[in-house]
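Remarks on the structure that follows.
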Amino acid sequence: MFTLRNGVFCSGRAELTYWKEQDPLHKDHTFSKDQQTRLFGQLMGEQAFRSALSKMIQSPVQIIFTSNRSTLISVRTNSKGEKTLRLQHAFRAADFTTMQALAFFVDGKGFNPQTIDNFLSKKQDLVKFFSRSGAKMQSVVYKGKFRDLEKVLKKVTSDYGLGVIDIRIAWSKPGNTRGKRRSIRFGSFSASQKLIRIHPALDSPAIPDYFVEFVVYHELLHAIFPPQQTGKGGRRRIHTPKFRALEKMFQQYDNAIKFELEFINSRLG
Ligand SMILES: [Zn+2]
């Protein structure tokens, strides 16, 4: 049912793609609530899965979950040697042996396709579930080199007693930092994805911890206080006075603001 299509590993680019053979009978399946609960019960959280898997992989890797029907795994290496692994969501049910096979797959050595075959054969209903045509669950994470964002998120939520659940955090994609930028957006929050993204420029030993914590704290406040509409047809207020007051509760607020200005000035200089 599953076949490995082998690309070439060479110095510049490498690509390995794992296909599910075209199945003409494959249709959208509907799953009952009970079936869905059972399926979801097998899955690791996206962030937990990414951090576990990227620890097993030897180089920095960006892991993207897909809802693909045919290409269930692929890995690409760009000219800088940065790797991108695309995995169908079903892999979040992987056991240790399967994860190890995935790591070998990315590192391009000692890979045993049989392990992946066995896993996919056992988890066919998950593969089908995530192959729904309507499923849009793609998300992206770049594994930082210096900082563990999940740790920062945990620290900030506990330091400030912020009762947020289900919020995920990720580095935004590197790149697009060249050219004239008048400002730099350090963080963002997507309410629909419940995802905080942090600019990869902050993944540097030159950036003090308190500054990264401040950016995460700011984005968490967005998660807690959605933008407000002022009056009828009024403009959306994102940073309300209440928001700004809470922002100032950050323990090293003055230092953080000072650092932000210095950082931006040094970039523009
Ligand atoms: Zn903001």
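The values are calculated or read from the model by the stated rules, or taken from the named source; none is laboratory data. Because the structure is a prediction, the values reported are computed rather than measured. Because the Cβ atoms are built from the backbone with ideal geometry, glycine has one as well, and the counts that use them run over all protein chains shown.
Structure data summary
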| quantity | calculated |
| --- | --- |
| Top-ranked residue of region 218-237 - restricted to ones that are in a loop (DSSP other than H, G, I, E, B) and at pLDDT below 80, ranked as farthest from the ligand (Cβ to nearest atom) | K232 |
| Any pair with Cβ under 6 angstrom, 6 or more apart, that starts in region 185-201 at a residue that is without any contact (Cβ under 8 Å) to a residue 12 or more places away in the chain and ends at one that is surrounded by fewer than 17 Cβ atoms within 10 Å (Cβ to Cβ) and assigned to a strand (DSSP E or B) | none |
| Wholly within region 27-113, helices (runs of 4 or more DSSP H) carrying at least 2 residues that are buried (at least 20 other Cβ atoms within 10 Å of the Cβ) | 46-56, 96-107 |
| Matching entry among L102, L126, L120 (being touching a His at 6+ places or on another chain (Cβ under 8 Å) and either outside the structural domain of A52 (by TED's automatic domain parsing) or within 22 Å of F40 (Cβ to Cβ) (or both)) | L126 |
| Inter-residue pairs, beta-carbon under 7 Å, first in the same structural domain as P200 (by TED's automatic domain parsing) and in region 145-156, second part of a helix (DSSP H, G or I) and of a type in the set (D, E, K, R), 6+ apart | V152/E213; K155/E213; V156/E213 |
| Members of region 65-95 that are among the basic types (K, R) and closer than 17 Å to T115 by Cα | R92 |
| Selection from region 25-41 of residues that are over 23 Å from A94 (Cβ atoms) and at pLDDT below 75 | L25, K27, D28, T30 |
| Failed condition for V215, given (1) at pLDDT below 85; (2) over 16 Å from the mean Cα position of the chain (by Cα); (3) of a type in the set (A, V, I, L, M); (4) not assigned by TED's automatic domain parsing to the domain that holds F65 | (1) |
| Which listed residue is at pLDDT 85 or above and not β-branched (V, I, T), from S51, S59 | S51 |
